[in-house]
Structures are given as structure tokens and as C-alpha cells.
1. Under a point spin-label approximation (7 Å from Cα along Cα-to-Cβ), what is the residue 142-residue 88 distance to one decimal in nm?
2. Distance from the Cα centre of the range 199-226 to that of the range 106-156, in angstrom?
3. Tell me the mean residue ellipticity at 222 nm calculated for the chain from its helices only (DSSP H runs of n ≥ 4, each -39500 (n - 2.57), averaged over every residue, nearest 500).
4. Residue 79 versus residue 178, label points 7 Å from Cα toward the beta carbon: distance in nm?
5. How tilted is helix 160-188 with respect to the longest principal axis of the chain? Cα atoms for both, answer in degrees (0 to 90, nearest 10).
6. Dipole size in debye (nearest 20) for the range 1-72 around its Cα centre, Lys and Arg Cβ +1, Asp and Glu Cβ -1?
7. Taking the Cβ-Cβ separation of residue 220 and residue 124 as r and a Förster radius of 25 Å, what is the calculated FRET efficiency to the nearest 0.05?
8. Enumerate the aspartates and glutamates that residue 148 could reach by cross-link, defined here as Cα to Cα under 16 Å, with residues fewer than 8 away along the same chain left out.
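Bear in mind that the values in this text are calculations on the coordinates, not laboratory data. Model, not experiment: these values are computed from the prediction. Don't worry about glycine lacking a Cβ; one is built from the backbone with ideal geometry, like all the others, and counts go over all protein chains shown.
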Amino acid sequence: MGESSGMAVGLLHPGEMGAAIGAVLRARGEVVMWASAGRSSASVERAERAVLEDVGDIEALRDRCEVLISVCPPHAAVEVARAAVGFSGIYLDANAVSPATARTVAGLQERFVDGGIVGPPPRQAGTTRLYLSGAEAEQIAALFAGTKLDARVVSDAPGAASAVKMAYGGWTKGSAAVLLVARALARAEGVEGVLLQEWRISQPELDARSIAAASSALEKGWRWVGEMNEIADSMVEAGLPDGFHRAAAEVYRRASGGSEARNDPSQQVFAALLAGTGKKS
Ligand SMILES: NC(=O)c1ccc[n+]([C@@H]2O[C@H](COP(=O)([O-])OP(=O)(O)OC[C@H]3O[C@@H](n4cnc5c(N)ncnc54)[C@H](OP(=O)(O)O)[C@@H]3O)[C@@H](O)[C@H]2O)c1
């Protein structure tokens with residue numbers, strides 16, 4: 001692992017991914033701060049576990065840090081960048097947003113680096129990549145050198161790293177949503193058993209994949225609605241059809257639910273898809 005950079009890093013905010021990124025930087029010896037004002041007790045707990053220094057509010061973070069890293073739900077990325085306007089260090093937006101949203105964030109910050117994360121929160125080496133683009137992307141890559149997060153510079157163009165994330169998620173989460181509605185259709189028409197038999201013959205992996213997709217949608221689908229809409233916006237910008245991912249947003253909106261019945265996610269998710277309301281039946 002490389003020597004610490006000596007740059008104070010601020011994290012906006014320690015969610016599941018953000019706290020893990022804070023922890024990999026702490027493990028490298030970096031000073032990592034965060035702002036608890038307005039955040040939930042879950043964020044406080046994650047920040048404490050990652051041993052991040054609480055400086056109170058975003059103004060203090062802006063004044064004390066040389067790098068700010070935004071890791072928040074995609075729909076909040078612009079609002080979070082706006083709250084940090086006036087920051088003079090490097091601002092990394094690592095959220096699942098469209099290239100256009102990334103460029104909107106770039107317009108709010110003096111020194112902007114675009115980022116896109118692929119993989120789970122980095123708790124071991126080799127699982128997770130941070131794609132980076134922008135004039136100062138190499139400086140952010142250097143910050144993560146030797147850590148469990150594999151930082152890779154795509155180009156110097158803001159938006160390029162986000163485009164990688166949009167294309168990647170467009171397939172992984174988009175195709176999972178298509179699988180869910182295909183099985184829901186068979187259930188609606190009373191032929192799910194026949195579809196499962198056919199899958200066993202010709203697509204033997206799809207039964208388990210659809211159950212795994214239902215389980216993920218139930219637990220995390222609410223977070224993916226914004227990401228699917230960002231992907232759809234990216235498609236429009238590139239002159240491609242956006243309907244798949246608008247529909248995927250609707251699938252994840254309907255499928256995501258509360259904590260009950262998690263022992264049978266497929267029942268709950270397929271029922272919610274067919275009910276069309278997102279409410280459990
Ligand atoms: N989790 C993953 O496996 C994963 C994988 C790849 C990429 N990512 C990307 O990482 C980003 C964050 O995901 P996550 O899983 O860490 O999400 P998360 O666990 O839901 O955490 C989001 C963090 O942002 C804060 N937040 C929520 N709404 C906000 C708002 N309106 N304004 C400001 N802050 C807000 C939350 O704080 P409070 O709860 O205190 O409000 C929390 O600290 C997303 O862009 C996602 O696409 C995540």
C-alpha cells in the first residue's frame with residue numbers, strides 16, 4: 001500500500017458504499033472527515049465503524065478538506081454538489097448518474113472529477129472498480145493506489161466514467177428487470193410452471209437468476225429507481241431507445257418493499273409487480 005497522500009478527504013455521505021470507501025482510505029492512513037448534520041443514525045453508525053472524523057456540517061467539511069467525495073443516491077447528486085458550492089479542492093462525484101448529470105455537477109464545482117463504481121462495497125481486493133475521468137482523475141487514482149478499491153482512469157473527459165457505469169448497469173440491472181417481468185407475465189397468465197419447465201430444458205440458469213433478481217429488487221430496488229432513470233436519460237442523450245430503462249425503473253419501484261416476507265422474496269416481488277402498486281399483496 002502506498003504512503004498516505006497527506007490530503008484531507010471529506011465524504012458526502014457514509015452510506016453503504018461511502019462508508020466502505022472511507023474505510024479503505026482510512027486503512028491507507030488518510031484523514032477522512034464527514035458531516036453528520038442532517039444525516040440518519042444509520043449513517044452515524046457507519047461513520048463510527050469506519051472511524052471517520054465528524055466535523056459537523058458541510059461548510060466545515062468544505063473548509064477543511066482538499067478532496068470531497070460524493071457517494072449518495074443518484075437523485076441527490078446535484079443537490080449534494082450544490083450544498084458544497086465554493087469548495088476549492090477536487091470534487092469527485094462517484095454516483096450512478098448520466099454523463100449529462102455528471103457535467104451538471106461539474107458546472108457547480110471548480111475542480112471536478114467524474115467517477116463510476118462497479119462492484120460491491122470494497123471489503124476485499126479485486127471486487128470493485130472506481131472508474132475515473134477528468135483533468136485531475138490521476139490525482140484521485142493515486143489516492144486509492146494500493147487499496148482494496150481498484151481505481152482506473154478512463155479519460156480526461158468529465159462524463160466518461162459515468163458513461164461506463166451507465167452502460168454496465170444498463171445491462172446488469174436492466175436485464176434483471178426484464179427477467180422479473182418475463183416470469184411475472186407467465187405467472188399472470190397461469191403458465192409459470194410451464195415456463196420453469198422450459199427454462200430447465202433450455203435456459204437452466206434462469207430460475208435461480210430470477211429468484212436472486214427478486215431478492216435483490218426487494219432489498220435494494222428503491223435505490224435503483226433513480227439509477228434506471230439516469231440510464232434512460234443517458235440513452236436519450238446518445239440517441240438510443242430509453243424505454244427499457246424507464247420500464248426497469250417502474251419494475252424496481254413496484255418490486256421494492258418492506259422487510260416482511262424476505263424469506264420468500266419471489267412471492268412478494270412477483271405479486272407486487274402484478275399488483276402494479278408497489279404494495280404488498
Ligand atoms: N451499495 C452498492 O453496492 C453500490 C455499488 C455500486 C455503486 N454504488 C453507488 O454509490 C452511491 C451510494 O450508494 P449506497 O449504496 O452507499 O447508498 P446508501 O447506503 O443508501 O447511502 C446513501 C448515503 O447518502 C445519504 N443520502 C440519502 N439521501 C440523501 C439526500 N437526499 N441528500 C444527501 N444525502 C443523502 C445517506 O444518508 P442518510 O441515510 O443519513 O440520509 C447515506 O449516507 C450510489 O450512487 C450508488 O449507485 C453503490
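1. So the two model labels end up 2.0 nm from each other.
2. Using only Cα atoms to place each centre, the spacing works out to 29 Å.
3. Working: 11 runs with 148 residues, N = 281.
Helices in the chain give a 222 nm mean residue ellipticity of -17000 deg cm²/dmol.
4. 3.3 nm
5. For helix 160-188, the angle is close to 20 degrees.
6. Details: 7 positive and 11 negative charges, 33 e Å.
The dipole magnitude comes to about 160 debye.
7. Once the sixth-power term is evaluated, E becomes 0.80.
8. Leaving aside aspartates and glutamates fewer than 8 places away in the same chain, those within reach of residue 148 are 3, 16, 30.
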